[in-house]
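The values are calculated or read from the model by the stated rules, or taken from the named source; none is laboratory data. If you're wondering where the values come from, they're calculated on a predicted model, not measured in any experiment. Here Cβ is always computed from backbone atoms with ideal geometry, including for glycine, and neighbour counts include all displayed protein chains.
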Amino acid sequence: MSAPKKGDLSSTEKELFQVITAGDVQEASRLLGCKDVRVNCLDEYGMTPLMHAAYKGKADMCKLLLQHGADVNCNEHEHGYTALMFAGLSGKTDITWMMLDAGAETDVVNSVGRTAAQMAAFVGQHDCVTVINNFFSRARLDYYTKPQGLEKEPKLPPKLAGPLHKVIMSTSLNPVKLVLLVKENPLLAEVEALDKCRRVMELICEKCVKQQDMNEVLAMKMHFISCVLGKCASFLKEREDKLDGLIKCLLKGRESDGFPVFQEKFVRECIRKFPYCNATLLQQLVRSIAPVEIGNDPTAISVLTQAITGQVGFMDSEFCTTCGEKGAEKRCSICKMVIYCDQTCQKMHWFTHKKVCKKLQEQREKQEAESAKLRENKYGQRNDGVKQKEQQQHSSRVLTPTHTCRFPSQ
Ligand SMILES: [Zn+2]
Ligand SMILES: [Zn+2]
C-alpha cells in the first residue's frame, strides 16, 4: 500500500474516522483488520486516526490504534500538531501518559513553536503538563543497565532500574515522599545501590543540560532526586534510626509554629548545588527563593514543584502535609488545620504536629468566633444556638489551610 497522503482516504478509512468520532471500539477494531485501511492514514488536515482519538479523549480507542501500530510521532498535521499535543489539549492525563509511554517526543514544536506541554498549559490543562514534564521513559533509564563502550559492568544494575524508575516517576517531589519510595524497596535502600543510582541521575542531568534542546526542567528534577538519594545514603551510613530518622528530620517542625526548618534548608541547599550555574531555571529558582525568610511562603519545595511540574493555582487542590501528594482529604480531627492522604501519613506527622495542634485549634476557634461576630453585627441578628452552630460549620469549610499546611506564626 502506498504511503499515506493528506485526504487520500479509502471509503473504509473514511468510515474509520467516523467510527472513532462515535467511539465504537469494536467496529474500529473490525475496520482496522480490513485490507484497505492504513492505521496511519491522513484526513484532509493531516490528522491520523490516533490524533482524532486523542483529541476526542477516547482512551480505549487510542489503545487499540497503538496496538495496531499507529505512529505516535506522525507529524503531517497542517499546523504541526502531534498526537501528544492533541492528548494534552483533551485534558486527559491517561491518554497523555499513553502517548508518552508509546514513545511520543516531547520536544517537537508546532507551527508556532509550541511544545505539547506549552500548548496544554496554554489551554489550562495543568495536569497534562505535569504528566509531560515529569515523564521519563523506562527505556531511557534502561540504557544505563547495559554496559556501554569499554565498560565491563553497567552503571546501573538491572534490578535497580524498576525501583529507581518508580522514584523518578513520583508525582510528588516532596523529599519525604521520595524517601518513603526508597524505604519501601530493600534493593534500593542500601548505600551502594543508592550511590550507583545517584551517579546515573547525575549523568542524566548532565545529558539533559548538554543536549541540543536543553531540558533544564528534567535536569533539575534528576539533580534533586540525586540529592535526596545522597541524603538517604548518608543517613543509612551514619544514623542508627536510618531512613526513619531522615523522615523524622524532614518532618520535624520548629517550636514556634511547626515549620519544618530542616526540610526547607535541605531543599534550598539541593537547588543551590545544581552544578550548571548558567541554567536559566536555576537562576529563576534562586531569585524566587533567596528573598524569602525561612518559615514564610513560598516554601522552596513549592517553588521547585511549580517550576518542574508547571503546576499553578496551588491553592485549588489540597496537598498532604506529610508527603505532598495531591488530593489529600483527611483532616486532623482536633485542629482541622492540616490534611493528610491517610492515617499512615497522619501517624508519621503526629510526633511533631502534636506540639502545635492545640495552638492551631485555638487559633481556628478564635478566627471562627471572630467571623461569627462579624456576621452577627452585619445582619443584626440574635445569635441563638442553632445559628451559631451553622456558622461554625460554615467557617470551618472556609478555613482551608494553604498548600503547605503551615501555621501562621503569630
Ligand atoms: Zn501523604
Ligand atoms: Zn491537629
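Quick look at the values:
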item	result
Any chance K354 is more than 14 Å from V176 (Cβ to Cβ), touching a helix residue (DSSP H, G or I) at 6+ places or on another chain (Cβ under 9 Å), within 9 Å of ligand 2 (Cβ to nearest atom) and not assigned by TED's automatic domain parsing to the domain that holds S170	no
Residue among R268, R287 that alone is surrounded by 20 or more Cβ atoms within 10 Å (Cβ to Cβ) and either touching a Ser or Thr at 6+ places or on another chain (Cβ under 7 Å) or without any contact (Cβ under 8 Å) to a residue 40 or more places away in the chain (or both)	R268
Where C277 falls short, out of the listed (1) surrounded by fewer than 20 Cβ atoms within 10 Å (Cβ to Cβ); (2) under 27 Å from V338 (Cβ atoms); (3) out of contact with any Leu (no Cβ under 9 Å at 6 or more places or on another chain)	(2)
Looking only at the stretch 304-331, and only at residues there that are of a type in the set (A, V, I, L, M) and over 18 Å from S170 (Cβ atoms), the one that is modelled with the lowest pLDDT	M315
Matching entry among E184, E206 (being exposed (fewer than 15 other Cβ atoms within 10 Å of the Cβ) and in the same structural domain as L250 (by TED's automatic domain parsing))	E184
In the stretch 338-370, residue surrounded by the most Cβ atoms within 10 Å (Cβ to Cβ) [restricted to those that are within 16 Å of ligand 1 (Cβ to nearest atom) and polar (S, T, N, Q)]	Q346
Out of K14, K56, K35, K5, sole residue that is basic (K, R), out of contact with any strand residue (DSSP E or B) (no Cβ under 6 Å at 6 or more places or on another chain) and surrounded by 14 or more Cβ atoms within 10 Å (Cβ to Cβ)	K56
Whichever residue in the stretch 187-203 is aliphatic (A, V, I, L, M) and surrounded by fewer than 19 Cβ atoms within 10 Å (Cβ to Cβ) and, among such residues, is nearest to the chain's Cα centre (by Cα)	L203
